[in-house]
Amino acid sequence: MAKIFFTREEIQNILEQNHLSAMVSYLEREEELIFPENYIIYLRISTSSNIYADDILHIRKVNIQVTHFHKRKLDSIEELMIANFRVTPITSSIRQIDTDFWATHYRFECLTKGAW
C-alpha cells in the first residue's frame, strides 16, 4: 500500500530529490535568488477534513499543489511525482505569460499532522 501521510518537511525532502536539481520552496519563490532553469513551488491549497481526539487536532486531510517551472519544455518531475505521490500532471508545460518559463501543475490529497 502506498504512503498517504506526509509532513511538510517530508514533502520538501521528496521534492528536493528531483533529478533536475531544481530549487524547491514552500508557497512562493525566494525573491532574492536568481532563478535557475528549474524550480518547484508547493503549497497547501485546502483542508478537507480534520481528525480530533481529546479536543486536540491530530490529523488533517489536505490538498497540496506542486508547480514545476522550467525553461525547457521537456524537463519533467513526473516520474518523481508518480513514484511518491501517485499523481500525474493536471496541466503539462503551459507557457507562462511574460516569462520564458513553462509550468506543470500537480495536485494530490494526503494526510498530515495537525500542525503544518
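The values are calculated or read from the model by the stated rules, or taken from the named source; none is laboratory data. Just so you know, these numbers come straight off a predicted model, no measurement behind them. Positions of Cβ are generated from backbone atoms using ideal geometry, with glycine treated the same way; all protein chains shown enter the neighbour counts. Surface areas here come from the heavy atoms of the whole protein model, side chains and all, with no ligands, DNA or RNA. Shrake-Rupley method; radii C 1.70, N 1.55, O 1.52, S 1.80 Å.
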Task: Considering residues of segment 60-75 that are of a type in the set (K, R) and not in a loop (DSSP other than H, G, I, E, B) only, the residue most open to solvent (accessible area, probe 1.4 Å) - done: K61
Open item on the list: Of everything in segment 66-116, what is under 28 Å from N50 (Cβ atoms), touching a Ser or Thr at 6+ places or on another chain (Cβ under 8 Å) and of a type in the set (K, R)? Give them in sequence order.
Closed with: K113
Open item on the list: Here is a check on your reading of the model: is N38 within 15 Å of the chain's Cα centre (by Cα), among the polar types (S, T, N, Q) and buried (at least 16 other Cβ atoms within 10 Å of the Cβ)?
Closed with: yes
Task: Filtered residues of segment 71-110 (kept if among the charged types (D, E, K, R) and closer than 26 Å to R60 by Cβ) - done: R86, R107, E109
- [ ] Write out, first by first residue and then by second, each pair whose Cβ atoms fall under 6 Å of each other, whose residues are 6+ apart or on separate chains, and whose first residue, in segment 39-65, is closer than 18 Å to E9 by Cβ and among the β-branched types (V, I, T) while the second is open to solvent by less than 70 Å² (accessible area, probe 1.4 Å) and at pLDDT below 75.
- [x] V62/T47
Task: Selection within segment 86-97 - without any contact (Cβ under 8 Å) to a residue 60 or more places away in the chain and not aliphatic (A, V, I, L, M) - done: T88, P89, T91, S92, S93, R95, Q96
TODO: List the number of the failed condition for E79; all other conditions in (1) modelled with pLDDT of 90 or more; (2) open to solvent by 50 Å² or more (accessible area, probe 1.4 Å); (3) of a type outside the set (S, T, Y); (4) touching a Phe, Trp or Tyr at 6+ places or on another chain (Cβ under 7 Å) hold.
DONE: (4)
